[in-house]
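What follows is a set of notes on a single structure, which appears directly below.
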Amino acid sequence: LPRQASAEPTDPPGRRIAIFNDDAFPREPGHADAVRLAELLRRRGFQPLLVNASELAEEKTLAKANIDLLILPQAPYFPREAAELFRNYLRQGGAFFSIGGYPFDSLLSYYGPGRWQLLPMAVTASQIDTLTSRPAAFGLNTRYGQAGDTMKLSPYQIGVCDPSFILQHVHSLRLSPEQQLLSANWESVGPLEGPAAVAMTGSNSPVFPRVHGRYLPLLQARDIYGRNRGPVAAAVFNHDGPWNGSNWAFVTASNRNLFDGSEPVLDELFVATCERLLAAAYIVHSDCDKPCARPGESVDFTARFRIHESLQDGLSVQWLLDGKAIHETAVDAITAIDALPAYGVAEQRATWTVPADSTQDFHRFEVILRRHGQVLDRVNNGLVVWQEESIKQGLSISQQGNYFQLNDRPCFFTGTNTTGMMWFSDNENPLVWQRDFQGMRDYALNTLRILHFSPFCKVPCAYSHTPLDLRERPERTQRQTDAIVQLAQTKQVTVFLSLHDWQNLDLSDEELAAQQDWNAFWTRRYRNVPGIFYDIQNEPSTRLQNQEVLQPLFRQWLAEQYGSFDKAQEAWQQRDGSDNIDFAVKAGSWDDLRGRDNEVFRAHVFRRWVAQNRDGIKAGDSDALSTVGYLQNLTASDKFWGSQEQDFTNVHHYGALANLRSVLKMMDRRYAGKSFSLGEFGSRVAHTARNAGDWGDPADASVKHFLAVGHCAFGMGAAFVANWSWKDFQDCVFPWGITHADLTAKPVLQAYRNFALLCRKAEPVYAAPKLYLLIPDGCRYGYRQNDIHEALRLAVDALLTLNVPFSVIHEWDLAQLPKEATTLIWPMAYAVKDESFAQVRDFVRNGGQLLFTGDVRYGYDRQADRLERLEQLGIHSALPPVPFADNAPAATKLIFSQDRKVAWLPGAFELISLKTPNAIFELPSPKTPPNAIRDAYRDFLDSHSKVKRIVLNIDDGTVLASYVPLRNGQALAVVNMSPEQRRIVVPAQDGTPEIAVTVAGDRTAFVMLKPDGAVVAASAQGDISVAGRQICHGQSDVAFVALDNSDLARSRRLLCLPFGVGKATLNRGGDAAALAGAIGEFRNAQWIELAPCPATPSGKAVTMDIDAVSAYDLRVLTTAGEQQHAIEALSAMLLLKPLP
């Protein structure tokens, strides 16, 4: 590229503006005319220069010494040859204003006169390895980076826009109420496209983000209903970090030139923004020393400012509390910034005392910065006042009948998660939390799990904190947590608080005592809070590292197991093992008892840690519920024996439903009165797309996954599901949110809300199943334990795909086998303790049915020395003991006891099937592709047991169907795991009618019945028929719910919940009254009507034509005079108030 120097600027330093203008670069509809922009600036007294790409790539041109503000009206295009110079220019404090699309998204390289070409983004492994020192590897902006849970970025990538946040359904444009540049009440109607003008203004940490810049939206897009669709223009004022002193603005509309002269307000906004970029005075941050105060306490408000030298006269700051002034003072103590001589900083304080008799629980405070009376900036924050009456507004949470009770009614509910950045980020404060909790309530999310709490035991907080650090309870952490807890109660969101993070489990007694005391402190503090429960630690992994603690503990444990430590060593030596204690050793063979004991001891250490923490929780609040948030990894911490000390079980999973369903079902401990739940799940598709820099949000894939997970969890009897996570952060690229950073809802959040409301009327009742899968505790530790647990997961999955009601129990807890149990399936029954075998034997002798694989003749010492056991189960076989191995052919035929109550498949059948999943199991009449485990279990259940399963017309394992008993009826949940649309027929059984549903590929269906057969809720993607009566039909995914509990055909109050674009028809009775209604949504728990719904004549079917703008919006349809009653009923559903 030929270099050429530009003309010398004639404006003085601080006012020097250059505008990029190169006819060789592409021109697109959103690009502004550089000549016209220059003319607008000249009218305000500036003398801007026009520079082309050759001039921009010249060091003498693109430097802060020559240019204060660079205007780029041809986004997303930028000359690659100028990229590093531009980066250095910003680091020196230079400003930019980008117009026309995604800034810096298309770097063009010079290929000759008038020829510029876009090169693909190519990143080598070495560039990834040296990411910090090679920011050019991923371009100028933050669209691309190194994939990860948090996307890894160089500090020198410019954090403007997000490729997953695209402007959609824009009807109009308005000035953002947050900006102070213009005060006009202005709106422009017309479609807009492009990326949303958002920014990543932090240090890219999802837990401890340092905020580097003040983000200010300038223009907001709105849809036809007046709802925000995202910012179209914004500014960022960097006050810290690598871009300290650099100010940015960007207008991202790509289909329309907003500065073509048709809108004088926008011309004025352009010039005013340029002036502000050149000389800014703004509020960096506002704070309160007590985010939650008590009546009678004084609170100190603070505000920090950054002020350009040209604006430092005539400044004042005012504090407003609930709109009333409480303090005003001049800003005169301004300290110069050595590295930025044109700027200074200031800090001001105000004090206010909460009235001792105050009953108000929240105050909004505002800081206003003025110059000569004109408002330059304002920021809002909040102050919570602890009020016992406000705390009582919370949803009461308890556990009864194997479901959680919210406000004393059983409820399957949905929730979400967030990180510990709530306590850290300057972008987080009580006003933000209030908005977040309001949004959660409006979207029917009833729990927020908050992680990373324990690091805030220190000031400053730290990732590397120890249990002994928990003795500290900083006042700031207490007041912040108080605010979070009370705000959640007032918005009907329960708090699911993770008490620990990143701590080891092999702790000394002193360290465990510190954890106990920490737990007791917080549970005692919130013992009167109705809506709070606890996660002991997020995703613990039991690593055995602390030799000082573990050595004596292990010796004691071994003595209890073997009678003495010496006997344990003898047993190890007999199996050709060493007698030394080495916690890193892994079992080298099936009969390696030392390796086995290591793993059982690991589970013992986990249980010890859970029990001690549980005792601390109960010491503070005996009614507090607690659990452990398990990793989806099956062996990180023991999920069976290890769950004994937990009130309910909880697991996290980020894979496909084909794996998630069985991992979740493995957590089912309802036989012991413990609900099971999914504490984290999310759309990996959306996360992967953002990591790859893909354009747009893959909403359809996310919606499919959320609905499939929700229906599957509801159907198998889970208590709740909670997605990861609530929102995308402004501080980092952590792409898991179901809202964008500005709380614009993603389609998946709207679908998640609609699913939650679909389930709201269902009050589930636990019915103990007759069938239990018996987990082989004696076999699953030690040698090949990962493979064994995966084989056990496949066993669980086989039963799930057979659509049979069942639960999971483990050998060492057989004493709690419910009396309702009639049948056991016992995979890989090896190494069984005598006590466990006796319990199974007695179960059979008392009339129980049993299918077992493996060989029970192997005792807990892993020797075939229990030869009498087969006969005790009624099996007479000359077959010699079958060793634990997967290198033998799988058994293909059941061996039965004489009374045919017991069936045996010799060998490690499930493990062998893991290796050869399509092995042929001998069936009387095979009808489906082979799946050895499923086929064997199906043969036993259908031909030899009394357990009934739902035998669908498609019985190949690709459709999940289950009934959930309700207080007043039953609900059917169906998940089509095939990519093909299918008509699925659920046969009449045990008093339920035949139900036929048309379900699209990877989608779901839901039908709720009253005892009299009335259909009160129905959802599918086509025809739904119940007992031969067609309920609804069409081509859209729509749910209908009767708000008055009447049959849908005659209901006078209907709720329509769409899950996408399309048309669906609900059949009505011939004498049903005419319906009319409205499209709407909830905002701060108040119903807001967006538009009317077409009326339907009496006796006619209701056809819903769902368009893209309202594809997930609620519809209320009622007969004359019933609309207010319907809205009240819907509000009661949302807020979990008593239902009629």
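No value in this document is a laboratory result; all are computed from the given coordinates. Model, not experiment: these values are computed from the prediction. When we count neighbours, we look across all protein chains shown, and the Cβ atoms used for this are built from the backbone with ideal geometry, even at glycine.
Potential lengthening of the chain between Asp787 and Asp517 amounts to 93.3 nm, from the contour at 0.36 nm per residue minus the alpha-carbon distance. With a Förster radius of 25 Å applied to the C-beta separation of Asp990 and Ile954, the computed FRET efficiency comes to 0.75.
Cross-link reach is defined here as a Cα-Cα straight distance under 16 Å, omitting same-chain residues fewer than 8 places apart; for Lys586 the aspartates and glutamates meeting it are Asp576, Asp597, Glu599, Asp787. Counting other Cβ atoms within 10 Å as a rough exposure proxy, the listed residues Arg143, Arg214 run Arg214, Arg143 from fewest neighbours to most.
Taking the inverse of the mean 1/r over every pair of distinct Cα atoms in the range 995-1140 gives a Kirkwood hydrodynamic radius of 15.2 Å.
With Rh defined as the Kirkwood radius, the inverse of the mean 1/r over Cα pairs, the Rg/Rh of the range 144-280 is 0.99. Karplus-based coupling profile of the range 731-737, in residue order and whole Hz: 8, 7, 9, 10, x, 10, x, with θ = phi - 60° in 6.51 cos²θ - 1.76 cosθ + 1.60 and x standing for Gly or Pro.
Estimated at 0.36 nm per residue, the fully extended path between Val585 and Arg983 surpasses their Cα-Cα distance by 138.0 nm. Between Gln551 and Asn380, the modelled labels are 6.2 nm apart [label points 7 Å from Cα along Cα→Cβ].
Report the Stokes-Einstein translational diffusion coefficient (µm² s⁻¹, integer) for the chain, Rh taken as the Kirkwood radius over Cα pairs, at 10 °C with viscosity 1.306 mPa s. Using the Kirkwood radius from Cα pairs, D works out to 49 µm²/s. Between Lys567 and Ala636, the FRET efficiency estimated from the beta carbon spacing at R0 = 45 angstrom works out to 0.90. Over all Cα atoms in the range 771-944, the spread is summed up by Rg and Dmax: 14.6, 42 Å.
To the nearest ten degrees, helix 699-716 and the longest principal axis of the Cα atoms of the chain are 30 degrees apart.
Going from the fewest other Cβ atoms within 10 Å to the most, the residues His1125, His705 appear in the order His1125, His705. Think of each Lys and Arg Cβ as +1 and each Asp and Glu Cβ as -1; about the Cα centre, that makes the dipole of the chain roughly 1840 debye.
Computed on the Cα atoms alone, the convex hull of the range 295-385 gives a volume of 92 cubic angstrom per residue. Relative to the dominant Cα principal axis of the chain, helix 547-562 is inclined by about 20°.
With Cα atoms defining each centre, the range 267-344 and the range 1-44 are spaced 32 Å apart in the structure. Taking label points 7 Å from Cα along the Cα-to-Cβ direction, Ala330 and Glu28 give a separation of 5.1 nm. By a straight-distance test (C-alpha under 15 Å), which aspartates and glutamates pair with Lys761 as possible cross-link partners, with residues fewer than eight away in the same chain excluded? Candidates past the 8-residue exclusion: Asp408, Asp1044, Asp1047, Glu1128. R0 = 51 Å: FRET efficiency of Ala619 with Asp694, Cβ-based, nearest 0.05? For R0 = 51 Å, the calculated efficiency reads 0.55. Couplings 3J(HN,Hα) for the range 470-484, derived from phi with the Karplus relation 6.51 cos²θ - 1.76 cosθ + 1.60 (θ = phi - 60°), are 5, 5, 8, 9, x, 4, 4, 4, 4, 5, 5, 5, 4, 4, 4 Hz, where x marks Gly and Pro. Label-to-label distance for Asn185 and Ala1027 is 5.8 nm, based on points extended 7 Å past Cα in the beta-carbon direction. Once backbone amide H atoms are built at 1.01 Å from N, Asp426 has Val211 as its partners under 5 Å, excluding neighbours fewer than 5 places away on the same chain.
For the cross-link pairs Lys491/Lys746; Lys948/Lys1010; Lys1063/Lys1100; Lys665/Lys770; Lys770/Lys901; Lys392/Lys1137, the ones whose C-alpha atoms lie over 18 Å apart are Lys491/Lys746; Lys948/Lys1010. Each of Glu347, Glu763 has some number of other Cβ atoms within 10 Å of its Cβ, and from fewest to most they run Glu347, Glu763.
Straight-distance candidates among the aspartates and glutamates for linking to Lys290, with alpha-carbon spacing under 12 Å and chain neighbours fewer than 8 residues away dropped: Asp300, Glu475, Asp482.
Contour minus end-to-end for Asp11 and Ala272, with contour as 0.36 nm per residue of separation and end-to-end as the Cα-Cα distance? This chain segment gains 92.2 nm when fully extended. Its Cα gyration tensor gives the range 390-760 an equivalent ellipsoid. The semi-axes, each the square root of 5 times an eigenvalue, are 37, 24, 20 Å from largest down. Students often get this wrong: which residues of the range 1025-1047 have the backbone nitrogen under 19 Å from the point 7 angstrom along Cα-to-C-beta of Asn968? Within reach of a label on Asn968, which here means backbone N under 19 Å from a point 7 Å along Cα→Cβ, the range 1025-1047 contributes 1040-1047. Both radii are taken from the alpha-carbon atoms of the range 416-484; with Rh as the Kirkwood radius, Rg/Rh is 1.01.
Reducing the range 796-844 and the range 1026-1075 to their Cα centroids gives an inter-centroid distance of 43 Å.
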